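Novice: Below you will find the structure I want to go over with you.
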Amino acid sequence: MRLSRPARGLLAAITAVVLALIYLPLLVVFVNSFSTSQNLTWPPPGFTVKWWAKAFQSDGALDAVLTSLQVALASTAIALVLGTLISIGLQRFEFFGRDAISLLVILPIALPGIVTGIALNNAFRTGLGVQLSILTLIIAHATFCIVTVFNNVIARLRRLGTSLEDASSDLGAGIWTTFRLVTFPQLRSALFAGGLLAFALSFDEIIVTTFTAGSSVKTLPLWILDNLFRPNQAPVVNVIAVVLVLVSIIPIYFAQRIAGAEKVVR
Amino acid sequence: MTVDASAPPTRRAVLPPQRGSIARRGSVFLSRHPRVRLSLLLGAPLFWLGLVYIAALAALLITALWTVDSFTGQISHTWTLDNIVAVLTGSLYQTVTLRTVGVALLVTIIDIVIALPIAFYMAKVASPRAQRILVIAILMPLWASYLVKAYAWRSVLSQGGIFEWLVAPFGGHSPGYGLPATIITLSYLWLPYVILPIYAGLERVPDSLLEASADLGGGTWSTLRLVVLPMIWPAIIAGSIFSFSLSLGDYITVNIVGGANQMLGNLVYSNVGAANNLPLAAAIALIPILIIFAYLAAVRRTGALNNL
Amino acid sequence: MKRTPARYASGALTGVAIVSVALLLTACGTSQGGGSAEPTQAQTELGEMEGSVSLLAWPGYVEDGSNDPTVDWVSAFEEKTGCTVTSKTYGTSDEAFSLMKTGDYDVVAASGDASLRLVAAGDVAPVNTDLIPNYDGIFDFLKMQSWNSVDGVSYGIPHGYGANLLMYNTEVVTPAPTSWDVVFDKSSAYKGAVTAYDSPISLADAAVYLMAHQPELGITNPYALDETQLAASVQLFKDQRENIGEYWSDYLKEVQAFETGDTVVGTTWQVIHNSLAEGTPAEVVLPEEGATGWSDTWMIAAKAKSPNCAYAWLDYIASPEANAQATEYFGEAPSNAGACDFTVNPDHCAVFHAGDAEYAAQIWYWSTPIAECLDGRTDVKCTDYSDWTTAWQEIKG
């Protein structure tokens, strides 16, 4: 199949239009962060930088970002370990119930967040009798983050095949050595991609969070929800969103570089 | 029935064990006992998912069979099918279910239709450099909080908002707040989750295959339909699971831009968060659970997931 | 997320089913939290401060400067008493009710549609007002009311109060309305631009309207509705539903909708009107039928871990200075008469009609509807809050 010039042009045009649409609301957020309107009303009646000044003074926002980072890092770490174990188990072994397990892994993300949220809330509070805390939140997040790691790692394992691992063990390497020196390096970028998505998923999650976070745990989405209901805080929330989008370039850029470098090596 | 696909040929066993460190011995033991290896691998994750998740879901479903004292808010453990019957027969739940499934399906279709050309452009037309920039451009909006984006759409779609301003020259109107606004906003929110898997799927389609199809006389359309589509079908399904299930459970977006409409998520939320009626909420939650299982079963029947 | 998993060979669903059933056994014994419904005794004396206290309140009631360094009345309390404050906010009374069930909080600021339920569920304890010196300064018409006391026993300290007013766009809604009929019988004139507060308790708004316009229904208290009376209220809202643009629950939403003109008439709070951008053509009115409203109460959890810090907080927040700061920031009338001297805006008390007993008398404060009629009728059973919740969901459809 060779695409004609007009076809390529059309595809490029569609891509451009959709990208413009994707960034239109973000532009609104950006502009509103400088608007004198406290209520995000369009068009902005005037220009001010006071929300930016306020945002950087807001301890609440900073604490919330730190809490969200903690939760996202911890649940991503758990998801990386569990997701890798489960994908090696499912990809390298053939056994009864394999399909049930792979369904089990996607279930927490396939079922609506509110179902997951109230189920876990009920289980923690009344089933186990534990108080909601940052730990319960991390457990909940890790549960639905496993799938992103699993998807990426199992896809990679399938593509890799077992020849290198077999060669390694034929040459006398133990299981652990083989994993450390042969399997893991080849999984690295898949782990990074899966981990990044798990992190993003956890960082912005609100529905499950509402039901599983302890009273003193305020993640960024919870803080945002609170502040949208407070007088004069909505524009500050916009500032935070703009900063987040800008800061997010860094991890995404590195993810891309790792993926890109691997392509060259391959 | 347990067959280790990667089980080494037996000759490995005759290799003389080198030094007998504990790690070494463990390693040898494990390589001879694939089943132990498997259970070590799967033990922790299954314990986690089974105990944390499945047990919690099961407990929730049991709760659906109880009732709650409306004034004291205590759950009384008398077994009853009242909640389930109320949910199955109540016209409210039927209307809302139909509305929710309709919204979720439309969002999914819109997202796939938009994602296909973009993903194709990214994977097969753009230069490697442009490709990298495009992926970043798609990923970045994910970090602007969900709530902020939903409120941004509220602003865009308001009277006198940007949307109105853009379409007014063509005689258009903002749809205002309601189901169309909900569908637009949800499609927007989940679009990256649909583009990414389809892009990854297209990347795995070798260019040589497309050229071979052309050499054999396949036109653009027939190549797309007969070669590309079957290969990326699993990726499309992957994306659709995200957009469908995320839309199915949403209750915040519809609250922000949905006008007076409510979806299944709202009913569950107001019964658990507001009315403190967990048994009824659990009974309502059965609806999305059943729908998702039906969806996964339907998807499985197309065979798409087997190719993943 | 690059691809979804994987292979569902037959038996996948059965597999999960088997796992679930097996795990059901471990999951048994699931039960609810919360306390018993037996009345607890009020404290008779105060002891040592515990060093920390956990509060549950509406957004804007407990501000420690972390959101805005200039808005802070918690730090002074912490310095004075040595009790470190942690707080959580809630969005609706119903959410507060379920959060209190977790037992994580020592103190809750509850509106009347939650307070009685909290008492009945045994989640809050009686409050000994003798231990709270600032109780003396509270307006008398707020003390020992049906939403903060039971059988002559006080269950908390009044915080602030306000009315659910009628707001309208002065350019669209003419002449200026004086009655709730613009959102009920005459709402079709503003089809698609009418709003209402998104909570079952709104049904009382219709009941207040019916008290004036359909006296034959015999409603004497909008929170004590028998089945026929509730049905009439529901019908009013069902007719209104046709003309609703959107319901509101957070006030940012309503502020925006009035500023853009997406909404032109509906229930509101005074603070929403105050937050509108200058030049927005909107006015508020307390219609002639009267209105519903809220009067919030600081209550102490029955199983409070820090009862002494809790008492200290109740006293502190009832003091003229703190009461002024908190109610002015939130936008409602303070409960302490002395607070009016400490507000930043000298007109605050006038704008919110603080202490105006006549104005206050036109307000039916939120109370929890219960089966035992609040108006004293014994010949019928009244509809309770769960009936209202079901009705509200059906109205929204």
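Novice: According to the square roots a ≥ b ≥ c of the eigenvalues of the Cα gyration tensor, what is the shape class of chain C, taking rounded for a/c under 1.5, prolate for a/b larger than b/c otherwise, and oblate for the remainder?
Specialist: Rounded, because the longest to shortest axis ratio a/c is under 1.5.
Novice: Mind ordering C:90-100, A:45-55 by average Cβ neighbours within 10 Å, highest first?
Specialist: Packing order, densest peptide first, comes out as C:90-100, A:45-55.
Novice: Related question: Mind giving me the FRET efficiency for B:Ile136 and B:Leu290? R0 is 41 Å, r the Cβ-Cβ distance, nearest 0.05 is fine.
Specialist: 0.60
Novice: Next up: Would you pull out the residues with amide H under 5 Å of C:Leu56's amide H, same chain only if 5 or more places away, H placed 1.01 Å from N?
Specialist: Under 5 Å from the amide H of C:Leu56: C:Lys88, C:Val107, C:Val108, C:Ala109.
Novice: Just how large is the dipole of the protein assembly as shown about the Cα centre, in debye to the nearest 20, putting +1 at every Lys and Arg Cβ and -1 at every Asp and Glu Cβ?
Specialist: So the dipole magnitude of the protein assembly as shown works out to roughly 7600 debye.
Novice: May I pose another question? Please turn the phi angles of the range C:216-226 into ³J(HN,Hα) values with the Karplus equation 6.51 cos²θ - 1.76 cosθ + 1.60 (θ = phi - 60°), one per residue in order, whole Hz, x for glycine and proline.
Specialist: 4, 6, x, 7, 10, 9, x, 9, 10, 10, 7
Novice: Considering the dipole of chain A built from charges on the beta carbon (Lys and Arg +1, Asp and Glu -1) around the Cα centre, which of A:Ser163, A:Leu107, A:Gly89 is farthest to its positive end?
Specialist: A:Ser163
Novice: Here is a further query. Run the paramagnetic zone check for B:Ser91: 7 angstrom along Cα to Cβ, then residues of the range C:214-237 with backbone nitrogen under 15 Å.
Specialist: Answer for the range C:214-237: C:235.
Novice: Short version: ³J(HN,Hα) in whole Hz for each residue of the range C:356-364, in order, from phi by Karplus 6.51 cos²θ - 1.76 cosθ + 1.60 (θ = phi - 60°), x for Gly and Pro, what are they?
Specialist: Karplus values, whole Hz, x for Gly and Pro: 7, 4, 5, 4, 4, 5, 7, 9, 8.
Novice: Can you tell which of B:Val107, B:Val268, B:Val167 shows the greatest fluctuation in a Gaussian network model of chain B with Cα springs below 10 Å?
Specialist: Highest fluctuation of the listed residues: B:Val167.
Novice: Another question, then. What lysines sit close enough to C:Lys303 to cross-link, taking a C-alpha to C-alpha distance under 18 Å and skipping anything fewer than 8 places away on the same chain?
Specialist: C:Lys88, C:Lys101
Novice: Taking amide H positions as placed 1.01 Å from N in the peptide plane, with prolines and chain starts having none, which residues 5 or more places from C:Thr297, or on another chain, fall under 5 Å of its amide H?
Specialist: So C:Thr297 has HN proximity to C:Ala110, C:Ser111, C:His159.
Novice: At 7 Å along Cα-to-Cβ for each site, give me the label-to-label distance between A:Arg8 and B:Ala214 in nm.
Specialist: Placing both labels 7 Å beyond Cα along the Cβ direction yields 0.9 nm.
Novice: OK, next. Give me the percent relative contact order of chain C, please, defined on Cα pairs under 8 angstrom at least 6 residues apart.
Specialist: Once normalised by length, the contact order is 24 percent.
Novice: Sticking with this structure for a sec: How large is ³J(HN,Hα) for each residue in the range B:28-40, as worked out from phi by the Karplus curve 6.51 cos²θ - 1.76 cosθ + 1.60 (θ = phi - 60°), to whole Hz, x for Gly and Pro?
Specialist: Values per residue, Gly and Pro as x: 5, 4, 5, 5, 8, 10, x, 5, 5, 4, 4, 6, 5 Hz.
Novice: Treating only the Cβ of Lys, Arg, Asp and Glu as charged (+1, +1, -1, -1), what charge dipole size does the range B:178-306 show about its Cα centre? Round to the nearest 20 debye.
Specialist: My answer is approximately 360 debye.
Novice: Let me ask something else about it. Under a 10 Å cutoff between Cα atoms, tell me which one of B:Ala212, B:Ala104, B:Ala23 has the largest fluctuation in the Gaussian network model of chain B.
Specialist: Ranking B:Ala212, B:Ala104, B:Ala23 by mean-square fluctuation puts B:Ala23 first.
Novice: Measuring from label point to label point, each 7 Å out along Cα→Cβ, what is the A:Leu73 to C:Asp140 span in nm?
Specialist: Spacing of the two 7 Å Cα→Cβ label points: 6.1 nm.
Novice: Now for a different question. Does the range B:84-307 classify as rounded, prolate or oblate by the C-alpha gyration tensor (a ≥ b ≥ c root eigenvalues; a/c under 1.5 gives rounded; else a/b over b/c gives prolate, otherwise oblate)?
Specialist: oblate
Novice: Which one, C:Pro287, C:Ala301, C:Asn221, projects farthest toward the positive side of the charge dipole computed for the range C:212-333 from Cβ point charges (K/R +1, D/E -1)?
Specialist: So the residue we want is C:Ala301.
Novice: Scan chain A and note any complete DSSP helix (H) whose C-alpha atoms cover at least 20 Å along its axis and whose Kyte-Doolittle average is 0.5 or more.
Specialist: Flagged H segments are A:5-32, A:59-92, A:134-160, A:184-203, A:234-265.
Novice: Using only atoms on other chains, find how many Cβ atoms lie within 10 Å of each Cβ of peptide A:15-27 and report the average.
Specialist: 6
Novice: Still on this model: Quick one: length gained pulling C:Val150 to C:Thr70 fully straight, 0.36 nm per residue minus the C-alpha distance?
Specialist: Taking 0.36 nm per residue and subtracting the Cα distance, the gain is 25.0 nm.
Novice: Follow-up. Modelled label-to-label distance, A:Arg257 and B:Phe170, 7 Å Cα→beta-carbon offset: nm?
Specialist: Using points 7 Å along Cα→Cβ, the separation is 4.1 nm.
Novice: Would you please give the FRET efficiency between A:Leu181 and B:Leu51, computed as 1/(1 + (r/R0)^6) with r the Cβ-Cβ distance and R0 = 35 Å, to the nearest 0.05?
Specialist: 0.55
Novice: Non-local amide H neighbours of C:Val150 (under 5 Å, H modeled in plane, Pro and chain starts lacking H): which ones?
Specialist: C:Tyr155
Novice: About the Cα centre, and with charges only on the beta carbon of Lys, Arg (+1) and Asp, Glu (-1), how big is the dipole of chain A? Nearest 20 debye, please.
Specialist: Using Cβ point charges on Lys, Arg, Asp and Glu, chain A gives about 700 debye.
Novice: I'd like to know which of B:Gly178, B:Gln262, B:Pro197 lies farthest towards the positive end of the charge dipole of the range B:84-307, counting +1 on Cβ of Lys and Arg and -1 on Cβ of Asp and Glu.
Specialist: B:Gln262
Only the coordinates and a few stated rules stand behind these numbers; no lab work does. Everything quoted here is computed from the prediction, not taken from an experiment. Reconstructed Cβ throughout: ideal geometry from the backbone, glycine too, with neighbour counts over all protein chains shown.
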